[in-house]
Amino acid sequence: QVQVVESGGGLVQAGGSLRLSCAASGSIVSLNDMGWHRQAPGKQREYVASITGGGRTNYADSVKGRFTIARDNVKNTAYLQMNSLKPEDTAVYYCYSNWRWRDYWGQGTQVTVSS
């Protein structure tokens, strides 16, 4: 079992920055793939970014060049640095940690970008 807790959301003006944190605990978390999805009001949840246990990263086209995912395997924490935020980035951001081919999700953190 893996437990995941997100933090760091909030309200920011367009063009601003936020850093989300995702703390994982439980089964072999330092080796687990981790990532972020988001869900805007009235829309389906969508992929944002992910990072493997070895540090390989991947991003959705909509956030490339603006968002950076990183991890600290000592702290078992993943981070999502979000720069140049746009109103369309407004969503609940969910973190996951994958263990044995199953994704374990956090409760989400709200990010609101005002224009």
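Overview of results
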| item | result |
| --- | --- |
| Filtered residues of the stretch 55-97 (kept if loosely packed, with under 14 Cβ neighbours inside 10 Å and at pLDDT below 95) | G55, D72, V74, K75 |
| Among residues of the stretch 98-112, those that are within 14 Å of L11 (Cβ to Cβ) and either open to solvent by less than 10 Å² (accessible area, probe 1.4 Å) or assigned to a loop (DSSP other than H, G, I, E, B) (or both), counted | 1 |
| Inter-residue pairs, beta-carbon under 6 Å, first at pLDDT 95 or above and of a type outside the set (S, T, Y) and in the stretch 1-22, second open to solvent by less than 60 Å² (accessible area, probe 1.4 Å) and part of a loop (DSSP other than H, G, I, E, B), 6+ apart | V4/G106; V5/G106; E6/G106; V12/L85; G16/L85; R19/G8; L20/G8 |
| Hey, L31 touching a Leu at 6+ places or on another chain (Cβ under 9 Å) and either open to solvent by 60 Å² or more (accessible area, probe 1.4 Å) or not charged (D, E, K, R) (or both) or not | no |
| Criterion: among the basic types (K, R), modelled with pLDDT under 95 and under 24 Å from Q3 (Cβ atoms) - qualifying residue of R102, R45, R38 | R102 |
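The values are calculated or read from the model by the stated rules, or taken from the named source; none is laboratory data. Bear in mind that the values here come from a model prediction, so they are computed numbers and not experimental data. Ideal geometry is used to build each Cβ from the backbone, glycine not excepted, and the neighbour counts take in all protein chains shown. Only protein heavy atoms, including side chains, enter the accessible area calculation; ligands, DNA and RNA are left aside. Shrake-Rupley method; radii C 1.70, N 1.55, O 1.52, S 1.80 Å.
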